[in-house]
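First up is the structure itself, then whatever we jot down about it.
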Amino acid sequence: MPFAELLGVVVTETSNDRITGELQVRAELCTSGGLLHGGAIMAFADTLGAIGAFMNLPEGPGGTTTIESKTNFLGPAREGDRVIGECTPVQVGRRLSVWQTRISRPDGKLIALVTQTQLVL
């Protein structure tokens, strides 16, 4: 996944009902104030949700795409921090799946809560 590699996403666990990953907050991913950019947070969560949706695809050819995403930004992550993402399914159906990703610091402080809907292609 070239974009995930560009971001520096490291996937640490994959199963049909839980995807986890980590992201090191580097200067390239920050705003001018040294805080993790909201777009990087959203892309990190989208990557984990897409992996979960892909793992739950029905047999045969097909793919998945994000059709909706909502992010609540709840706290900052600073350059040098490591953030952890935990993504779990809210609902997995034949045509759609909904995923929720909690992004936090290692101390447990919640950075963002992201809910996304994935369409089965």
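What percent does the relative contact order of the chain come to when contacts are Cα pairs within less than 8 Å and at least six residues apart?
Across the chain, relative contact order equals 28 percent.
Put simply, the amide H of A77, placed in the peptide plane, has neighbours under 5 Å in L36, leaving out anything fewer than 5 places away on its chain.
For the chain, the fraction of 1.4 Å probe accessible surface lying on carbon and sulfur atoms is 55 percent. Round to the nearest 10 and give me the degree value, 0 to 90, for the angle of helix 38-55's Cα axis relative to the longest principal axis of the chain. Around 30 degrees separate the two axes.
The gain in end-to-end length when the L121 to M55 segment is fully stretched comes to 22.4 nm, 0.36 nm per residue minus the alpha carbon separation.
Let's see if you can work this out: charge +1 on each Lys and Arg Cβ, -1 on each Asp and Glu Cβ, no other charges. What is the dipole magnitude of the chain about its Cα centre, in debye to the nearest 20?
260
With just the Cα atoms defining each centre, how far is the range 92-107 from the range 46-69? Give it in Å. Centre-to-centre (Cα) distance: 11 Å. The GluC sites (Glu not before Pro) of the range 29-121 that DSSP puts in a loop, and whose beta carbon has at most 16 other beta carbons within 10 Å, are E59, E79.
Across the range 114-121, coupling constants 3J(HN,Hα) worked out from phi with the 6.51/-1.76/1.60 Karplus curve, θ = phi - 60°, read 10, 10, 9, 10, 10, 9, 7, 8 Hz, and Gly and Pro carry x. Over the residues of the chain, the helix contribution to mean residue ellipticity at 222 nm works out to -6000 deg cm²/dmol, using -39500 (n - 2.57) for each DSSP H run of at least 4. For the range 40-121, the set of trypsin sites (Lys or Arg not before Pro) satisfying both a DSSP loop assignment and a count of at most 16 other C-beta atoms within 10 Å is given as R94, R95, K109.
Just want to confirm a number: the relative contact order over the range 1-41, from Cα pairs under 8 angstrom separated by 6+ residues, in percent.
27
For V25, nonlocal amide neighbours, meaning residues 5 or more places apart or on other chains whose placed amide H falls under 5 Å from its own, are G80, D81, R82, V83. Spacing of the modelled spin labels on T65 and V10, each 7 Å from Cα toward Cβ, amounts to 3.3 nm.
The values are calculated or read from the model by the stated rules, or taken from the named source; none is laboratory data. The structure presented is a predicted model; accordingly, all values stated were derived computationally and were not measured. Virtual Cβ from ideal backbone geometry, glycine too; neighbours counted across all protein chains shown. Please note that ligands, DNA and RNA were not included when accessible areas were found on the heavy atoms of the full protein model with its side chains. Shrake-Rupley method; radii C 1.70, N 1.55, O 1.52, S 1.80 Å.
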